[in-house]
1. D37 is checked against (1) buried (at least 18 other Cβ atoms within 10 Å of the Cβ); (2) among the charged types (D, E, K, R); (3) in a loop (DSSP other than H, G, I, E, B) and fails just one. What number does that condition carry?
2. Considering only the range 261-277, state which residues are within 22 Å of A247 (Cα to Cα) and surrounded by 14 or more Cβ atoms within 10 Å (Cβ to Cβ).
3. For the structure I just gave you, tell me whether S246 is at pLDDT 95 or above and out of contact with any Phe, Trp or Tyr (no Cβ under 9 Å at 6 or more places or on another chain).
4. Checking the conditions here, which among L205, L186, L159 is more than 12 Å from the chain's Cα centre (by Cα), in contact (Cβ under 8 Å) with a residue 60 or more places away in the chain and in the same structural domain as V130 (by TED's automatic domain parsing)?
5. Of everything in the range 228-241, what is closer than 13 Å to L205 by Cα and surrounded by 24 or more Cβ atoms within 10 Å (Cβ to Cβ)? Give them in sequence order.
6. Quick check on my filter: what residues within the range 284-297 are in contact (Cβ under 8 Å) with a residue 40 or more places away in the chain and open to solvent by less than 60 Å² (accessible area, probe 1.4 Å)?
7. Out of (1) at pLDDT below 95; (2) surrounded by 17 or more Cβ atoms within 10 Å (Cβ to Cβ), what's the single condition that is false for V167?
Amino acid sequence: MAEPDGPVLEVRDLAKLYPLTQGVVVKRRVGAVRAVDTVSFALRRGETLGIVGESGCGKSTVAKLLVSLERPTAGTIHYRGNIQMVFQDPYTSLNPRMTVGDIIGEPFEIHPEAAPKGDRRRAVRELLEVVGLSPEHLNRYPHQFSGGQRQRIGIARGLALRPEVIVADEPVSALDVSVQAQVVNLMERLQDEFGLAYVFIAHDLSVVRHIADRVAVMYLGRFAEMGTGPEIYDHPTHPYTQALLSAVPVPDPVARTRRTRILLPGDVPSPANPPSGCRFRTRCWKARDRCATETPVLAVPSGLAGPAAHASACHFAEERAEVRA
Ligand code: ADP
Ligand code: MG
């Protein structure tokens with residue numbers, strides 16, 4: 001399908017609406033939740049795209065669409081090779097009644113061609129070793145492991161079918177801070193070893209800072225801004241990104257005093273009834289009339305150069321590039 005250097009994953013104008021119904025027996029459709037709306041991106045081999053946004057903005061829905069756990073309402077997903085998912089909560093995503101060997105080997109039941117029957121035990125032992133667990137743990141059950149170890153088991157299961165792309169939905173959110181870095185480091189090592197591409201979903205910008213080559217900031221079902229790490233962290237042009245970054249703790253006390261915290265007014269509007277035009281306008285300190293009538297598209301502003309010239313869904317990205325949070 002694609003040339004060797006082409007993207008391993010290409011998503012265009014992806015949308016997911018969940019119908020809102022009323023009534024128990026006779027269900028009537030009374031509206032729709034716009035969980036994901038016109039999301040587009042491409043991912044290259046070995047690349048990590050971080051997707052960041054507050055709870056409810058549509059991150060998990062994007063993940064589920066990518067791995068076909070949900071069907072899109074609109075848009076297309078093209079991928080080269082195999083795509084697998086690592087789930088958020090390693091406590092609930094591993095079947096407590098299955099041994100670790102059976103959990104990691106389960107993909108081979110569905111795709112027997114990936115490891116011939118006689119080789120499966122060995123394949124599972126190899127996978128355990130690859131994620132830093134002892135092959136001796138094969139016959140244990142999930143409850144005998146810590147959270148970090150359980151997420152390693154989830155990653156081993158994700159690797160079983162040798163995917164090109166792994167979608168990791170908040171893979172470290174449920175883990176202690178001290179363990180989060182270990183799991184992120186493991187994922188980076190596996191990425192180098194296997195040339196994996198990641199869609200790495202996180203709740204806040206600090207989690208993906210180290211691992212992501214590019215970052216997409218999501219708000220109410222849409223991408224507000226997308227760019228490389230330095231573009232997003234040092235030159236944010238969307239007010240929402242600026243607000244998020246102003247809330248990230250800064251270790252350097254000098255830098256800390258130079259920065260003011262941007263407090264957004266109000267709550268995130270309901271995705272069942274999103275604001276017209278720019279979805280962020282109801283909380284944006286720079287919104288003008290145009291923002292209510294014209295939906296900004298995610299595009300590189302023509303008047304910007306250098307690191308400020310990256311995709312931003314703000315009508316006023318150009319002037320906002322001057323504003324440093
Ligand atoms: P996130 O992962 O960023 O927290 P989600 O993708 O889980 O966000 O949810 C996005 C929006 O879609 C939320 O408003 C959520 O309530 C809604 N939603 C998610 N799944 C469903 C579903 N199966 N049916 C109806 N609404 C859903
Ligand atoms: Mg989620």
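The values are calculated or read from the model by the stated rules, or taken from the named source; none is laboratory data. Just so it is clear, the model here is predicted, and its values are computed rather than measured. FYI the Cβ positions are ideal-geometry reconstructions off the backbone, even for glycines, and counts take in every protein chain you see. Note: accessible area is taken over every heavy atom of the protein model, side chains too, but ligands, DNA and RNA are not part of it. Shrake-Rupley method; radii C 1.70, N 1.55, O 1.52, S 1.80 Å.
1. (3) is the only condition that D37 fails.
2. I262, L264, V268, P269
3. Judged against the criteria, S246 is not a match.
4. None of the others qualify; the one that does is L159.
5. Result: I232, P236, Y240, T241.
6. Of everything in the range 284-297, just one residue is in contact (Cβ under 8 Å) with a residue 40 or more places away in the chain and open to solvent by less than 60 Å² (accessible area, probe 1.4 Å), namely C284.
7. Condition not satisfied by V167: (1).
The rows are residues; the columns are (1) at pLDDT 90 or above; (2) within 11 Å of ligand 1 (Cβ to nearest atom).
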residue	(1), (2)
V25	no, no
R34	yes, yes
T48	yes, no
D89	no, no
T99	yes, no
